[in-house]
Amino acid sequence: MSGTLGIDFGTSNSAAGICVDGKPQLIALEGNAPTMPTAVFFDFDAQEMHVGARASEALLRGDDGRYMRGLKSLLGTRYIRESRMLLGERLDFIDIIARFLATVKARAEAASSKTFDHAVSGRPVRFHSEHADRNAQALEDLTECYTRAGFKSVRFMNEPEAAALANRDVLSDGDLGLIVDIGGGTSDFTLFRQEGTQGIDILGSYGVRIGGTDFDRRLSITRVMPQLGMGSPIRHAFGNDTHVAPNAIFNDLATWAKIPFLYGPDTIRAAKDLHKYAVHENRLTRLVKVLEEELGHDLAFAVEAGKIMANTPGEEKPAIRVGMLKPKAVIPLPAEMMTEKLSALADQIGEAAEATLAQANVAADAVTHIIFVGGSSLMQVVENALTTRLPQANVHRGAALTAIVDGLALATEG
């Protein structure tokens, strides 16, 4: 008899679960870890696709291949149906996501000795903040991913609503809770009221396309990309005038989902042209090196690690370690500097929370609980943006990485 699998397909990490005796039960997809990285690596030597931690390990070892992460961000964009030759096949990104989901399905079936023909999948409230047509297209794209992965049907549930279902026991009857789900690609909110011992009443949900990868991108653009020539003057081919190096390459290099698109002759040629006329030649030398040696993801991992270091209390001299550019090189990232760089994004997240309350016509001081979930909710700058707006609410931290899949697992019984 086939069953239903709850799947949290995230920008950075994914998880799966089922409901057993009315309680969520996570299925370990990779060792004993509750989640696995949403990453793939096409190994050119072994001629196979690796997923999860194995994909990241292949990248860090320097194996010959192509690494991809943040693929969820491509849903609803023109990139999702762009195809390329990988391991002798022409694949688009729906194929690649489908193969990742098929691996989740196969591993869950092997671990549980069950067959899963149906899925309950999480989804952002809004894949794209202000584009209704792109939101609709993203959901259509994701549905196709599940179909190609071998599922006969898929039902979607807003991710913060799943987290509300999983965290209902935090509230007492009549309490008002606000789920603040800061994921890798989006920030999502659900305002709900606890009803008795069984149900919750969803009063409003809202979302904005800002997440942890945007924090990484902002830090990369402001701290790392200038070391590669972003903002540098470039001489004209004739005369002494200069212009600023175009931002496009640097912006894409700072964006997880777009890094794989940069590894081609056209981009390298453009970088070499900038280098040829650069006033600060050494900076553009680094850019060419990153592109030729395909170090973009290494830089992105370094930025992410620096962000975590700067958010860790008591950490001395947090920094972005960029030894791939120059041995033992570091770019300082003091906590106060990171907060200053990310404050505008955090304020946008806070404003989205206010929009959620406005949607439900609920005053800020009526909210009794803020429940933080999602890996990026651990950022202090995010907590500050929410607690200053909801000063009367008690702060609760749900299972940051598994609250959504717990709710999805519960929903498989419905």
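Numerical summary
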quantity: Region 302-383, accessible area per residue, ligands and nucleic acids excluded (1.4 Å, Å²); calculated: 47 Å²
quantity: Max mean-square fluctuation residue, GNM over the chain, Cα-Cα springs under 10 Å, options 56, 112, 205; calculated: 112
quantity: Antiparallel DSSP beta bridges within the chain, as percent of all bridges there, nearest 5; calculated: 70 percent
quantity: Portion, in percent, of the accessible area of region 115-230 that falls on carbon or sulfur, probe 1.4 Å; calculated: 44 percent
quantity: Residue pairs, from the table 105/258; 72/114; 307/328; 72/272; 289/317, whose Cα atoms sit over 21 Å apart; calculated: 105/258; 72/114; 72/272; 289/317
quantity: Total charge dipole magnitude, region 64-207, about the Cα centre, Cβ charges on Lys, Arg, Asp, Glu only, Debye to nearest 20; calculated: 660 debye
quantity: Size of electric dipole in the chain: Cβ of Lys, Arg +1 and of Asp, Glu -1, about Cα centre, debye, nearest 20; calculated: 1080 debye
quantity: Size of electric dipole in region 260-370: Cβ of Lys, Arg +1 and of Asp, Glu -1, about Cα centre, debye, nearest 20; calculated: 700 debye
quantity: Extension gain (nm, one decimal) between residue 364 and residue 99, 0.36 nm per residue minus Cα-Cα; calculated: 91.1 nm
quantity: √(5λ) per eigenvalue of the Cα gyration tensor, region 122-247, largest first, Å; calculated: 43, 20, 12
quantity: Candidate residues 107, 126: accessible-area rank, largest first, probe 1.4 Å; calculated: 107, 126
quantity: Accessible area in square angstrom per residue, region 172-233, 1.4 angstrom probe; calculated: 30 Å²
quantity: Sites residue 172 and residue 351 - FRET efficiency at Förster radius 30 Å, r taken between beta-carbons, to 0.05; calculated: 0.55
quantity: Accessible-area value, residue 243, 1.4 Å probe, nucleic acids and ligands omitted, Å²; calculated: 80 Å²
quantity: Burial ranking of peptide ranges 233-242, 182-191 (average Cβ count within 10 Å, highest at the top); calculated: 182-191, 233-242
quantity: Gain in span if fully extended, residue 61 to residue 397, counting 0.36 nm per residue against the direct Cα distance; calculated: 117.5 nm
quantity: Charge context of residue 134, other residues only, Cβ under 14 angstrom, K/R +1, D/E -1; calculated: +2
quantity: Estimated D of region 219-268 in µm² per second, where Rh is the Kirkwood radius over Cα pairs and Stokes-Einstein applies at 37 °C, 0.692 mPa s; calculated: 274 µm²/s
quantity: Region 82-152-region 358-400 distance, computed between alpha-carbon centres (Å); calculated: 31 Å
quantity: Listed candidates (1) 73, 62, 41; (2) 75, 50, 42; (3) 96, 45, 40 - label of the one calculated as Cα extents along the principal axes in Å; calculated: (2)
quantity: Accessible solvent surface per residue of region 63-124, calculated while the other protein chains remain in place, 1.4 angstrom probe, Å²; calculated: 37 Å²
quantity: Angle in degrees between helix 296-310 and the longest Cα principal axis of the chain, rounded to the nearest 10; calculated: 60 degrees
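The values are calculated or read from the model by the stated rules, or taken from the named source; none is laboratory data. These numbers come from a predicted model, not from an experiment. With ideal geometry, Cβ positions are generated from the backbone for all residues, glycine too; neighbour counts draw on all protein chains shown. The protein model used for the area step is the full one, side chains on, heavy atoms only, and it has no ligands, DNA or RNA in it. Shrake-Rupley method; radii C 1.70, N 1.55, O 1.52, S 1.80 Å.
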